[in-house]
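Engineer: To start, I am sharing the structure in question, which I have written as structure tokens.
The values are calculated or read from the model by the stated rules, or taken from the named source; none is laboratory data. Computed from a prediction, not measured in an experiment: that's the story for all the values here. In this analysis, Cβ positions are derived from the backbone assuming ideal geometry, glycine residues included, and neighbour counts consider all displayed protein chains.
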Amino acid sequence: MAERVLSLRARLVTTMALLFLAGTVVMYLAARVYGQRAADLSYDRLLSGSALSIAETLSVDDTEVRVDIPYAALDMLSAAPEDRVFYRVFGPGHQTITGYEDLPGAIPARAGGDEPSEVPEPRFFDARYRGEMVRFVLLGRQLAQPGLRGWVWVQVGQTRRAREQLAQELVLGALLPIALLTLLALALVWFGVGRALRPLEAISADLARRQPSDLHALQPRVPDEVGPMVAAMNGFMRRLEGNMSGLRAFIGDAAHQIRTPLAALRAQAQLALDEEDPREMRAGLLNVERNAARLTRLVNQLLSEAMVMHRADVRHFESFDLVDVIKRAMRDAVPMSDDVQVGLISSITRAPMRGDAVLLGEAIKNLIDNAIRHGTPGHSGPDAEVDIVLHQASDKYQLMVSDRGPGIAEEDRQRIFERFERGDTRSSGAGLGMAIVSRVVVSHGGSIELIDREGGGLTVRMILEAAK
């Protein structure tokens, strides 16, 4: 079962949602820190005001410190009824004057450990008391009365329930609009992505309406980001159209080339069947065998051309040794040449290059076969000579296949590389060999030419790129 793939819209919106979610988490953490600080600042002012109100009531009676806790001092903190309030007033020697004796806390001290020499700023701190976190403020007043000198401290604490509630409200108040804006942004992204993908939908609709043979270029108005994809599709369709045109031409040519020899073969077979004289019947069967051989060669060359066309378009290039390819081509082609002498002359033992070894082997076999069939008078004797020469010059290989035949006229040498063209009209060949060789050489970025051989004959010279 094929794995389900998310649409582009779903992928983009999912990515945006994850980014928004990450941003929301970061903003939540930042908002919580800010809300906590804002709540502390707000309630710390109330806490400090309450301690100041108590400190204002401090008085000395002889050698005793008196304090009158005003109702308003603690009433300031009553705005948070769910919170509990604790206080303590203690004088010199840490003796409690009034309030809770076990409140946690420490008196600000100088480096030497003595009490401060001047009035310190109110000190705020958090401490756990009676199972809850409590926010405390510690405020000091210095006494300088006859018979009583030192510091009196006022400590007021309040649990953090109201602070936490206020901080939470601040956080929710900040995040709720952000969450709504995030949802709105995602909806806009969903709509915007759908709008942005409409050109792709138009391309899909255009392709769906086409006939299988309709390969003309797409011409939609698309954004710049989609332009390379459309250009690639148009390039692909151009190549496909070229391949289909070549295939149609190949099928038409093959049908035309095969139809005539098949008709002749059938007619000759019919004539042989009608003969009563065994000698005439044998002569007819020899004609049938000769035409069958020609037809076999034609079919083989057509199949070879089809293979070359396909592999030349695919261009599946690999590293190989050209010397090995030449030797294999000689083994395949030379045994069919009777007693013709075919020799290899190479100034190098290895010729590394990149390309399609099968195509080059097919091209070299065609050259050897052509040289044997058309370039060796009588197919035997001292003149029946085919030479294969390989040299390297810089980053190029020069491969030459030479024969001792009559050659090809200068005006016919360019025409010979076209399909179904033959240098000798009396030849039984199909006229595909040199066309196949030319296509293979061009697909490898090389060149090919026909030149006269010294002493008579024809040389086919190929220039190929050496491996870098």
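Engineer: Checking GLN301 against (1) closer than 14 Å to VAL440 by Cβ; (2) in the same structural domain as VAL442 (by TED's automatic domain parsing); (3) crowded, with 20+ Cβ neighbours inside 10 Å; (4) not acidic (Asp, Glu), which test does it fail?
Structural biologist: With (1) closer than 14 Å to VAL440 by Cβ; (2) in the same structural domain as VAL442 (by TED's automatic domain parsing); (3) crowded, with 20+ Cβ neighbours inside 10 Å; (4) not acidic (Asp, Glu) applied to GLN301, the lone miss is (2).
Engineer: Under 8 Å between Cβ atoms, which residue pairs at least 6 apart in sequence (or on different chains) link something in region 83-112 that is farther than 18 Å from ALA51 by Cβ with a partner that is modelled with pLDDT under 75 and of a type in the set (A, V, I, L, M, F, W, C)?
Structural biologist: So the pair list comes out as PRO92/LEU148.
Engineer: Just give me the residues in region 431-465 being assigned to a loop (DSSP other than H, G, I, E, B), within 13 Å of GLU418 (Cβ to Cβ) and modelled with pLDDT of 85 or more, in sequence order. Give the steps one after another, and end with the answer.
Structural biologist: Initially, region 431-465 is screened for residues assigned to a loop (DSSP other than H, G, I, E, B), giving 431-432, 444-446, 453-457.
Now drop any that are not within 13 Å of GLU418 (Cβ to Cβ), which leaves 431-432.
Within region 431-465, no residue meets the criteria.
Engineer: Among the residues of region 236-259, are any under 30 Å from GLY192 (Cβ atoms), surrounded by 11 or more Cβ atoms within 10 Å (Cβ to Cβ) and out of contact with any Asp or Glu (no Cβ under 6 Å at 6 or more places or on another chain)?
Structural biologist: Within region 236-259, the first condition is being under 30 Å from GLY192 (Cβ atoms), and the residues that meet it are 236.
Next, only the ones that are surrounded by 11 or more Cβ atoms within 10 Å (Cβ to Cβ) stay: 236.
Checking which are out of contact with any Asp or Glu (no Cβ under 6 Å at 6 or more places or on another chain) leaves us with 236.
Scanning region 236-259, I find at least one residue that is under 30 Å from GLY192 (Cβ atoms), surrounded by 11 or more Cβ atoms within 10 Å (Cβ to Cβ) and out of contact with any Asp or Glu (no Cβ under 6 Å at 6 or more places or on another chain), so the answer is yes.
Engineer: Does any residue of region 184-204 turn out to be modelled with pLDDT of 85 or more and in contact with a helix residue (DSSP H, G or I) (Cβ under 6 Å, 6 or more places away or on another chain)?
Structural biologist: No: zero hits.
Engineer: Quick check, is ASP114 among the acidic types (Asp, Glu) and either modelled with pLDDT of 80 or more or assigned to a helix (DSSP H, G or I) (or both)?
Structural biologist: On the way: among the acidic types (Asp, Glu): yes; either modelled with pLDDT of 80 or more or assigned to a helix (DSSP H, G or I) (or both): no.
Answer is no for this residue.
Engineer: Moving to a separate point now. Tell me which of these LEU322 doesn't satisfy, since it passes every other one: (1) exposed (fewer than 13 other Cβ atoms within 10 Å of the Cβ); (2) touching a Phe, Trp or Tyr at 6+ places or on another chain (Cβ under 8 Å).
Structural biologist: If we test LEU322 against (1) exposed (fewer than 13 other Cβ atoms within 10 Å of the Cβ); (2) touching a Phe, Trp or Tyr at 6+ places or on another chain (Cβ under 8 Å), just (1) comes out false.
Engineer: Which condition breaks for SER428 when tested against (1) surrounded by 18 or more Cβ atoms within 10 Å (Cβ to Cβ); (2) modelled with pLDDT under 85?
Structural biologist: Of (1) surrounded by 18 or more Cβ atoms within 10 Å (Cβ to Cβ); (2) modelled with pLDDT under 85, only one is false for SER428: (1).
Engineer: Going through region 159-199 one residue at a time, which ones are without any contact (Cβ under 8 Å) to a residue 40 or more places away in the chain and hydrophobic (A, V, I, L, M, F, W, C)?
Structural biologist: LEU172, LEU176, LEU180, LEU181, LEU183, LEU184, ALA187, LEU188, PHE191, ALA196 - these are the residues of region 159-199 that are without any contact (Cβ under 8 Å) to a residue 40 or more places away in the chain and hydrophobic (A, V, I, L, M, F, W, C).
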